[in-house]
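What follows is a set of notes on a single structure, which appears directly below.
The values are calculated or read from the model by the stated rules, or taken from the named source; none is laboratory data. Predicted model only: the values in this text are computed from it and were never measured. Glycine gets a Cβ as well: all are built from the backbone with ideal geometry, and neighbour counts include every protein chain shown. The area values use the complete protein model at the heavy-atom level, side chains included, leaving out ligands, DNA and RNA. Shrake-Rupley method; radii C 1.70, N 1.55, O 1.52, S 1.80 Å.
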Amino acid sequence: SSSRAIEEKLMENQIPYEVLRGISFYARKEIKDVLAVLSIVAFGDNLSFMRVVKNLSLGIGPKKIDILKELAGTHGTLYDALRKNVDIKGFKSTKAKWLVEFIESLRAYAEVETISMLMGRVYTALNLEEIYKNSEAERWENLQELKRSAQHYEHSQREKVDLAEYLS
């Protein structure tokens, strides 16, 4: 979509803008969902973790989040707390182990793969094509566009782009 290209140029040049019709490309649910997964990979931040946990119905509700907050203490992140305690009783019945294995595998791939390749892995693991293609085709098209924009960004950089750098 041409709006994405324009938005990117405005952001690149730090020009404030407002989207008058529709939703900003990067504010769309499907885009934010994918970027939240990648953000956990890069930063392990709590905001992204909470978004992913809420969206993916992993069986990690408010009570379990409270346990993670306690385990994380004042300096740790919720994701790290989960990663270190994935085998404790309360999390056995959840998809916590799946999430940790997923994020850790993406962290390993992030060392060697491009960001658009990582996006592809997220799409596949979360079955996004199946979920969106028939009922919400526009969302799937937006995700394809996100991947294309990442490829474009990577080509423009001429060297392997760091995930954290791309996300910021």
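Scan the stretch 23-52 for residues that are among the aliphatic types (A, V, I, L, M) and without any contact (Cβ under 8 Å) to a residue 40 or more places away in the chain and jot them down. Let's see the steps before the verdict.
Pass one, the stretch 23-52, residues among the aliphatic types (A, V, I, L, M): 23, 27, 31, 34-38, 40-42, 47, 50, 52.
Scanning the stretch 23-52 gives Ile23, Ala27, Ala36, Leu47, Met50.
Please find, among Tyr26, Tyr17, the residue that is more than 25 Å from Leu126 (Cβ to Cβ) and touching an Asp or Glu at 6+ places or on another chain (Cβ under 9 Å).
On the way: Tyr26 fails: more than 25 Å from Leu126 (Cβ to Cβ).
Going through Tyr26, Tyr17 in turn, just one is more than 25 Å from Leu126 (Cβ to Cβ) and touching an Asp or Glu at 6+ places or on another chain (Cβ under 9 Å): Tyr17.
Which of the residues spanning the stretch 95-111 are under 16 Å from Ala150 (Cβ atoms) and among the hydrophobic types (A, V, I, L, M, F, W, C)?
If we filter the stretch 95-111 for residues that are under 16 Å from Ala150 (Cβ atoms), which is where we start, we get 106, 109-110.
Leu106, Ala110, listed by residue number.
Restricting to the stretch 72-97, and then to whatever is open to solvent by 50 Å² or more (accessible area, probe 1.4 Å) and more than 18 Å from the chain's Cα centre (by Cα), can you tell me which residue is modelled with the highest pLDDT?
Step one: of the stretch 72-97, the residues open to solvent by 50 Å² or more (accessible area, probe 1.4 Å) are 74-75, 83-84, 87-89, 92-93, 95, 97.
Filter again for more than 18 Å from the chain's Cα centre (by Cα), leaving 74-75, 84, 87-89, 92-93.
On the way: Thr74: 88, His75: 89, Lys84: 94, Asp87: 90, Ile88: 89, Lys89: 87, Lys92: 88, Ser93: 88.
Step by step, filter the stretch 72-97, then rank; the result is Lys84.
Determine whether the stretch 98-106 contains at least one residue that is open to solvent by 30 Å² or more (accessible area, probe 1.4 Å) and closer than 18 Å to Arg28 by Cβ. Talk me through it step by step, then tell me what you get.
Taking the stretch 98-106 and keeping what is open to solvent by 30 Å² or more (accessible area, probe 1.4 Å), we get 98, 101, 104-105.
Applying the additional criterion that residues be closer than 18 Å to Arg28 by Cβ yields none.
No.
Being in a helix (DSSP H, G or I) and surrounded by 17 or more Cβ atoms within 10 Å (Cβ to Cβ) is the requirement here; does Leu38 meet it? I'd like the intermediate steps shown before the answer.
Numbers: in a helix (DSSP H, G or I): yes; surrounded by 17 or more Cβ atoms within 10 Å (Cβ to Cβ): yes.
So Leu38 fits the description; yes.
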